[in-house]
Amino acid sequence: MKKIILTLIAVFLMLPVFADTMPYYTNSIPKGVIGLYQTGEDVTIYSEPSDNAKIEKKYSFSYNPETMPDGIFGVLLNEKKLGFIYVTDISDDGWVEILYNKLTGEKGWVKTEDRLQFLPWINFYNMYGRKYGLRLMKNVPDSVVILHAKSDELSQNLSKLNYVQKIKLTAIRGNWALVTAFDMDKTPKTGFLKWRNEDGTIYAFPNIK
C-alpha cells in the first residue's frame, strides 16, 4: 500500500504545472479597469508616461508557469504565450497605466508598441469574445441570466439561461451583448445579455482557451 501511495505521489509531482490566470468572479477584475495591455517577452514600467521617468519595474516573461510572477496578469495562458495586464488609464503617445500588482494595487506606465497592444474592453470583446464566445462569471446575480429583446433592462424578457453550455457573441452595444446561448437542451436562444453593469462590474468574459 505504501509503495502505491509513493508511486502516486511521484506521478503527481511529474505532472506539468499550468499556472494560468483568468477572471472567474465579478470581483476578480478591479474597479476602474478600462481594458487590457498585451505583454510581450519584456515589459518596462515607468512612474510617469515618459521615457525619462523613473523605472519602477522590469519584467522578462518566460511563459514557464514555474517562473512567472504572481499578481500581475489579468489573463494569462502560458502555453499560448498570451498575457494581458489590466489597464486603468491612458495618456498621449501610446502610454497606458497598468495595474502590475493586483494584491497591493501598484500601478505604473508602459508604452505600447502598436495600436493592438492596448485593447479597450469593447475591442477586447470584439476580438476575443467573437472568436471564443463568452462565459458567465460564477457569481452573477439572477437578473443577469435573462436574455432581453432589446439592450434595455425594461425590455421584454425572452428566456432565462439555466445551464449554459456556450454563448456566441454577435455584437456589443454599450453594456449589452447580442448573443446566442445554448443551454443543456442545446436549443439556441438569442437575445441581449448584460455583460457589464453601469458601475463597471463585468458579468460575462471572453471564454479564451
Distribution output for the chain: share of Cα-Cα pairs per 10 Å bin in percent, first bin at 0, values 8, 30, 29, 20, 11, 3, 0
The alpha-carbon center of region 151-209 and that of region 79-134 are separated, in whole Å, by 23 Å
Listed by chain and number, the aspartates and glutamates with an alpha carbon less than 16 angstrom from that of LYS57, same-chain partners under 8 positions apart left out, are GLU41, ASP42, GLU48, ASP70, GLU97, GLU106
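Calculate what fraction, in whole %, of the accessible area of the chain sits on carbon and sulfur atoms when a 1.4 Å probe is rolled over the protein chains. Could the numbers behind the result be given before it?
Values: 6240 of 12240 Å².
C and S atoms contribute 51 percent here.
Region 96-208: percent of C-alpha pairs farther apart than 20 Å?
Working: 2892 of 6328 pairs.
Across region 96-208, Cα pairs with separations above 20 Å total 46 percent.
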Counting only DSSP loop positions in region 90-125, the trypsin sites (Lys or Arg not before Pro) whose Cβ has at most 13 other Cβ atoms within 10 Å are ARG115
Expressed per residue, the solvent accessible area of the chain in Å² (1.4 Å probe) is about 59 Å²
Sparse-neighbourhood loop hits (chymotrypsin sites (Phe, Trp or Tyr not before Pro), region 15-92; DSSP loop; Cβ within 10 Å at most 16 others) -> PHE18, TYR24, TYR25, TYR63
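With 20 Å as the limit, write out which pairs from LYS58/LYS81; LYS166/LYS189; LYS138/LYS209; LYS81/LYS107; LYS138/LYS194 have Cα-Cα distances beyond it, or answer none. Show your work: numbers first, answer last.
On the way: LYS58/LYS81 18 Å; LYS166/LYS189 11 Å; LYS138/LYS209 17 Å; LYS81/LYS107 23 Å; LYS138/LYS194 15 Å.
Distance filter (> 20 Å) returns LYS81/LYS107.
State whether region 19-129 is rounded, prolate or oblate according to the following rule on the C-alpha gyration tensor (a ≥ b ≥ c being the square roots of its eigenvalues): a/c under 1.5 gives rounded; otherwise a/b larger than b/c gives prolate, and the remaining case gives oblate. Working shown, then result.
Values: a/c = 1.40, a/b = 1.17, b/c = 1.20.
It comes out rounded by the Cα gyration axes.
The values are calculated or read from the model by the stated rules, or taken from the named source; none is laboratory data. Remember, predicted model here, so these are calculated numbers, not experimental data. Glycine gets a Cβ as well: all are built from the backbone with ideal geometry, and neighbour counts include every protein chain shown. We work out accessible area using only protein heavy atoms, side chains counted, and drop any ligands, DNA or RNA first. Shrake-Rupley method; radii C 1.70, N 1.55, O 1.52, S 1.80 Å.
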